[in-house]
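Asks: For reference, the structure I am asking about is given below.
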Amino acid sequence: MKRTDKANYYLDIAETVLERGTCLRRNFGAIIVKNDEIVSTGYTGAPRGRKNCIDLGICVRKSLNVPRGERYELCRSVHAEMNAIISASRRDMIGATLYLVGREAASGEYVANPAPCSLCKRLIINAGITRVVARTSSSDFTVTDVQDWVKSDDSLTGEAGY
């Protein structure tokens, strides 16, 4: 029996978390880990008390054919990274790693080039998270040093994620 490496172990957990997602377009699961302990989890879904897209049967961004990375103000959902961050204390996030997995709702395929949107990047930076590990296949992933986002400042270029 081959033992799963630590990154894929946490990515597998994030992938299980995404199964709670309620988006008709794509669902993400995120977990924040510090000192080898899970600090919090989050998945894509409407704010508490509001109806989810799967309950309404419509995704406004999808119905308007809004391209990925644009017009998030039209979206009902709170992103997985946001939900994980608001469920944790900042002191527990400083120096932590965020693990992120996304799947397309229609096909179940992994989201190509998974990356937090520009707003989630800002929240991740301010939370004190130092690395983001994002799954690209069942066993492959990318690792991003959050300081790279600080240096590149995508808010000046309009670069998109999600």
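The values are calculated or read from the model by the stated rules, or taken from the named source; none is laboratory data. Values in this document were obtained by computation on a predicted structure and should not be read as measured data. Cβ sites come from the backbone with ideal geometry, for glycine too, and all protein chains shown count toward neighbours. Calculation scope for accessible area: heavy atoms of the full protein, side chains included, ligands and nucleic acids excluded. Shrake-Rupley method; radii C 1.70, N 1.55, O 1.52, S 1.80 Å.
Asks: When the solvent-accessible surface of protein heavy atoms is calculated with a 1.4 angstrom probe, in what order do Met82, Met1 fall, highest first?
Replies: Working: Met82 35, Met1 235 Å².
Sorted descending by solvent-accessible area, the residues read Met1, Met82.
Asks: I would also like to ask the following. If we restrict to alpha carbons, what Rg and Dmax does the chain come to, in Å?
Replies: Just the Cα atoms of the chain yield Rg and Dmax of 15.1, 48 Å.
Asks: Could I ask something else about it? Quick one: angle between helix 118-127 and the longest Cα principal axis of the chain, in degrees between 0 and 90, rounded to 10, please.
Replies: Roughly 40 degrees, rounded to the nearest 10.
Asks: Ok, one more. Can you give the calculated 222 nm mean residue ellipticity of the chain, where each DSSP H run of n ≥ 4 adds -39,500 (n - 2.57) and the sum is split over every residue, rounded to the nearest 500 deg cm²/dmol?
Replies: Working: 7 runs with 49 residues, N = 162.
Calculated from helices alone, the mean residue ellipticity at 222 nm is -7500 deg cm²/dmol.
Asks: If the viscosity is 1.002 mPa s and the temperature 20 °C, what Stokes-Einstein diffusion coefficient in µm²/s follows for the range 3-59 when Rh is the Kirkwood radius over Cα pairs?
Replies: After rounding, the answer is 173 µm²/s.
Asks: Expressed as a whole percentage, what fraction of the accessible surface of the range 44-144 belongs to carbon and sulfur atoms when a 1.4 Å probe is rolled over the protein heavy atoms?
Replies: 49 percent
Asks: Given 0.36 nm per residue, what is the gain on full extension from Asp36 to Asp153 after removing their alpha carbon distance, in nm?
Replies: Net length gain for the segment: 39.2 nm.
Asks: As I understand it, the value is the acute angle between the Cα axis of helix 6-18 and the longest principal axis of the Cα atoms of the chain; what does it come to in degrees, rounded to 10?
Replies: Roughly 20 degrees, rounded to the nearest 10.
Asks: Another question about this same structure. Taking the Cβ-Cβ separation of Ser138 and Tyr9 as r and a Förster radius of 22 Å, what is the calculated FRET efficiency to the nearest 0.05?
Replies: Result of the calculation: an efficiency of 0.95.
Asks: Compute the FRET efficiency between Val60 and Asn126 as 1/(1 + (r/R0)^6), taking r as their Cβ-Cβ distance and R0 = 35 Å, and round to the nearest 0.05. Provide the component values of the computation, followed by the final result.
Replies: Details: r = 28 Å, r/R0 = 0.79.
According to the calculation, E is roughly 0.80.
Asks: Ignoring everything but the protein chains, give the 1.4 Å probe accessible area of Asp36 in square angstrom, nearest 10.
Replies: 90 Å²
Asks: Let me ask something else. Simple spin-label model, 7 Å along Cα-to-Cβ: Arg68 to Ile86 in nm?
Replies: It is 2.5 nm.
Asks: Can you tell me the relative contact order of the chain? Whole percent, Cα pairs under 8 Å, sequence separation 6 or more.
Replies: With pairs under 8 Å counted, the relative contact order is 24 percent.
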